[in-house]
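Some notes on the structure that comes next.
The values are calculated or read from the model by the stated rules, or taken from the named source; none is laboratory data. Remember, predicted model here, so these are calculated numbers, not experimental data. Counting neighbours? That spans all protein chains shown, and the Cβs are built from the backbone with ideal geometry, glycine included. Quick note on the areas: whole protein, heavy atoms, side chains included, nothing else; ligands and nucleic acids left out. Shrake-Rupley method; radii C 1.70, N 1.55, O 1.52, S 1.80 Å.
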Amino acid sequence: MSKSNAVVVGVNGNMVSARFTGNVRMNAVAYIALPAPAGQDVVRLKAEIIRVRGEECDMQVFEDTRGIRIGDPVEITEHLLAIELGPGLLGMVYDGLGNPLEELAQKTGFFLKRGTYLPTLARDRKWHFKPCAHVGDKLQAGHGLGTVPEGVFTHRIMVPFGLVGAGEVLEVAPAGEYPVDHPIGKVRSLATGRTHEVSMMQIWPVKKPITAYAERLLPSRPLTTRIRIVDTFFPVAEGGTACIPGPFGSGKTVFQQSVSRYADADVVIVAACGERAGEVVETLREFPELVDPRTGRSLMERTIIICNTSSMPVAAREASVYTAVTMAEYYRQMGLRVLVLADSTSRWAQALREMSGRLEEIPGEEAFPAYLGSLIAAFYERGGIVRLADPNLGAAQGSTTIIGTVSPAGGNFEEPVTQSTLAVVGCFLGLTYARSYAKRFPAISPLDSWSKYLDSLKPALEELYAPGWVAEVRALQRFYREGQRIGDQMKVVGEEELSVDELVHFLKSELFDAVFLQQNAYDEVDAGPSTVRTAFALKLARSVLEHDFGFVSKDQARERLLDLTSAMRNWNLAADGSPEYERFLSEIRGALLPRDGAGRKNSPSNVSTARKIQS
Amino acid sequence: MKRIYQHIEQITGPVVMLRAKGIAYGELARIRLGDGATSYAQTIKLRDDQVTLQVFAGSKGVSTGDEVEFLGHQVELMYAAESILGRTFSGVGEPIDGRPPVQDAEKVEIGGPSFNPARRIVPTRMIQTGIPMIDMFNSLVESQKLPIFSVAGEPYNPLLARIALQAEADVIIVGGMGLKYDDYLFFRDKLAPNKERTIMFIHTASDPVVECIMVPDMALAAAERYATANRRVLVLLTDMTAFSDAMKEVAVAMEQIPANRGYPGDLYSQLAARYEKAVDIEGSGSITILAVTTMPGDDVTHPVPDNTGYITEGQFYLKNGVIDPFGSLSRLKQIVNKRTREDHAPLMNAMIQLYDSCRKVRQQQSMGFSISDFDQKLLAYGEEFERRMMDLEVNLPLQKQLDLGWEILANHFTPQQAALSHRLIEAYWPKSRIVAA
Ligand SMILES: Nc1ncnc2c1ncn2[C@@H]1O[C@H](COP(=O)(O)OP(=O)(O)OP(=O)(O)O)[C@@H](O)[C@H]1O
Ligand SMILES: [Mg+2]
């Protein structure tokens, strides 16, 4: 460990200023040494350099700064803020800096103890390495050297991402059991002639994207979430980005939790960023018990939780989203589909704001720093689908999809974080207070939300669901919008002013909302219907909307459609193939039988809703 | 090392600056004011030899020549598990009940580190309060943090006092911030019968503003000690808006750039640091927090209630003297509602739905629409529901609350109209009270 090369000259909240000698690197890690009470170890507090001016640097400290004094020694390292990447990340729970929380608890008990840092990857665990490269091979960063099994995945051990240009393999270890930090090969850079010793572990700076791939591709496939309104109306692309802004209590976290279970991704990384610890605990306790239907293994095996909750140090909260996305990029390099769920990006933005204030930078709107927009853009840019570099993998692709929640002050979307995010994401799932107050969950507004992917993913969506799918979805969106417009009008002029026909249109849009757009995240069946079932449910709903019921009165329409709504909701809750499933389905179908002559007489008033929904 | 200084260079609001050496960030100091009084102060900024202190008693009357003594430690709570029960302290932890200082106290640094999330457990127990709008309709769950959103004039302090008297908890800690003196006396007298399990940290409106900032930390530091010693602690805080305003005042004096309506940008983190102390500890006790947040201008988008809502696990709205069943939500209630009685959740939903219908009928009635026979029933039901369930004076154990629920339904509706499952009707519908359809 290098000795102290700086001393503290100022402390302001979690910002510490130090006077240094020699050179320092921006974003380098530093440690502030707290004088230890007699008989105790020195406490070293981790920090990151975020500004350099003359002989002084300002650091954000990842810990409580109480007790620091002017003159306390600071040790500034050469390294940027980085995490360890290698086998053993899956199934783990880390703080924002990559310290394993379970292991910390074993060491320090109930409470986190500042200055206690543990390696991200356990050193005492051995992995079965199988080489795939040979001595003499000319490889590049990200190319495979070998593999180890990690849960259900084949974890690729790669040439370090930092290698510039080609390197020649000088040595590869034979198959065998090794710990992550054991050397498994040597690669000599052809450019610099330097020899790199390679282990199964790499250290990578979190704020720098991993780009050891051949090329970035345009997202072309959907990432199914099993949330009906999302997968149909506002699809998320694999390798794309989405945001969920919403006031408190509108269902952001429940949405993320649901997606973390059901999303069709290989690896899910949950970044609990500045939110409640209790919510993480739910995931933590439930996931090990839940079986992932794709693999038959515990859901936890595909999950990594980065947990920097609201009472944990604010600067580490800022780091946590980068830690999450760096791990995602790492697994993407193995050809996996990775999903990052960040809840909430506003807390990260607030961490930036706090620090910006301490740095006395010129504030932008609501005191957020002027560079907020570019940081948010750069973060979401780390999502993407890529073709891997390793020629042995052919055209293999990997992806990082990012879905972030936003917690706008006062629930008002006209604030800087929401606006900056909307400018860069491909999909906007806006939660409204009105919908959550009315318990219409998920409270995603069917009218204001949008997804750029509905059109751009058309071929893949039509292959997955049915030909003509996108046009059909668009038609449903129009139908719903028109129905709701009639409903709004009704609130102003009263029901009397509406024709039966108009009222039926409104009621059908309400039915569609209740039986398709809404979904109960707490019901075992309704929470995660399969793609096949969703496609079928959509078809079924559509046949209801198109059906000419020939209602003779408004009361009759109301009553019959309410009954049908109830049958369809019950059908949503019935497990595939269960007797209830069949029972409710035949009830629904019964309501759609062609009518006898009696009802048909007043069909003129029903023409427009009975007409096929125009595609 | 020199610990006593006699030259204050700057005084702004509750913040003073002087030159001193070897001071630790956060260190506590004592200022001897000219008139013989003293005030504590906390180090909130260090820059070379300039030390900035927030003075708990405010800077009114502070002289540049007043003596400042650094005490060499952080703000501490004097903790002694048994002998602080029944005691009342100020925001800085000094006894204000006229009794001597706590003997054999252990010094506990306040605002301690975060609980390790990996050591938390999913809570399973509910805390009964005897209040139907809480127990039956929005159950308070052990380790939950819930605010009571209210406006000035609502009976939030009497409500807290009732909960303090009745709630199932081993230790009740009351943290008063900006309390009217009368309210302090009210708490003191009201809780007297329960003295042996109650501790109070009280800051009144006439006390120096900054002392207010310490109250939640003092209360929660004590709570943490009890909870880790296997006690179930209920912390009642009133009013967190006064706490936030005190922080605003210090931030302004520090010339910090405000984020929203004058409040500092770290308001969320500051509030969360306190609320997140709520915890259920594996194999030990728990901390549950109920906190009053008054909403300036009855505006829930005001930064204090808004940030609070983003932190807590639901909220109660206290409006017109009752807990509003619609906006109020305990986000954790479903965890415990399955374990109370099988009819709990369905009965609750049915009653709320009918009450909602009653509200709609009232609206229609007020707009001059004619109403049906069934509407009349809804109106009568709504009246009885308000009188026998919503009234804050009602005090019943949960089982009785549920029984009362069935009784009220049966007074107005047929089993069909109540829309509850056959099985539950069979088991719970009062046999003698079936009224004709
Ligand atoms: N899909 C859903 N199905 C049923 N209930 C839901 C659903 N989504 C949300 N809820 C209800 O809304 C409550 C709040 O949801 P959630 O915790 O996700 O809100 P949030 O937007 O994350 O709020 P905050 O910003 O305060 O974190 C839940 O406790 C639950 O009662
Ligand atoms: Mg949330």
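Observations
- Estimated from helices alone, the mean residue ellipticity of the protein assembly as shown at 222 nm is -9500 deg cm²/dmol (sum of -39500 (n - 2.57) over DSSP H runs with n ≥ 4, per residue).
- For region A:31-170: rounded, prolate or oblate by the Cα gyration tensor [a/c cutoff 1.5]: oblate
- Bridging of A:Lys539 to lysines at a Cα separation below 21 Å is possible for A:Lys458, A:Lys508, A:Lys612, once same-chain residues fewer than 8 apart are set aside.
- For the protein assembly as shown, the gyration tensor built on C-alpha atoms gives an oblate shape. Its axis ratio a/c (a ≥ b ≥ c) is at least 1.5, and a/b is not larger than b/c.
- Placing +1 on each Lys and Arg Cβ and -1 on each Asp and Glu Cβ, with no other charges, gives region B:77-331 a dipole about its Cα centre of roughly 480 debye.
- Listed residues B:Gly382, B:Tyr428, B:Leu402: farthest to the positive end of the dipole of region B:298-437 (Cβ charges): B:Tyr428
- Dipole-positive endmost among A:Gln256, A:Pro391, A:Ser17 within chain A (Cβ charges, Cα centre): A:Pro391
- Annotation for region A:22-59: trypsin sites (Lys or Arg not before Pro) lying in DSSP loop with at most 16 further Cβ atoms inside 10 Å of their Cβ are A:Arg25.
- Only lysines eight or more places from A:Lys186 in sequence, or on another chain, were considered; those with a Cα closer than 19 Å are A:Lys130, A:Lys138.
- Signed unit charges on C-beta, dipole axis of region B:77-331, positive-most listed residue B:Pro208, B:Val141, B:Met247: B:Val141
- For B:Lys400, a cut-off of 30 angstrom between C-alpha atoms picks up these lysines, skipping any fewer than 8 places away in its own chain: A:Lys439, B:Lys145, B:Lys190, B:Lys195, B:Lys319, B:Lys333, B:Lys338, B:Lys360, B:Lys377, B:Lys431.
- Tilt relative to chain A, helix A:554-573 - C-alpha long axis, 0 to 90 degrees, to 10: 40
- Beta bridge orientation in the protein assembly as shown: antiparallel %, DSSP, nearest 5: 65
- Annotation: per residue accessible area for the protein assembly as shown equals 39 Å², rounded to a whole number [probe 1.4 Å, protein chains only].
- Take each residue of peptide B:327-334, count the partner chain Cβ atoms within 10 Å of its Cβ, and average: the result is 2.
- Antiparallel DSSP beta bridges within region A:81-183, as percent of all bridges there, nearest 5: 100
- Portion, in percent, of the accessible area of the protein assembly as shown that falls on carbon or sulfur, probe 1.4 Å: 52
- Helix axis angle, B:344-366 relative to chain B longest principal axis, alpha carbon, degrees: 80
- Share antiparallel - DSSP beta bridges, chain A, percent rounded to 5: 75
- For the pair A:Ser374 and A:Glu55, a Förster radius of 25 Å applied to the C-beta separation gives a FRET efficiency near 0.30, rounded to the nearest 0.05.
- Dipole in debye (nearest 20) - region A:407-524, about Cα centre, beta carbon charges: Lys, Arg +1; Asp, Glu -1: 280
- Of B:Gln399, B:Gln166, B:Gln364, the one that fluctuates the most in a GNM where chain B has Cα springs shorter than 10 Å: B:Gln364
- Size of charge dipole - chain A - debye, nearest 20, with Cβ of Lys, Arg +1 and Asp, Glu -1, no other charges: 640
- Between region B:60-125 and region A:337-408, the C-alpha centres lie 40 angstrom from each other.
- Helix axis angle, A:579-591 relative to chain A longest principal axis, alpha carbon, degrees: 40
- Gyration tensor verdict on region B:77-331 (Cα atoms; rounded if a/c is under 1.5, prolate if a/b is larger than b/c, oblate otherwise): rounded
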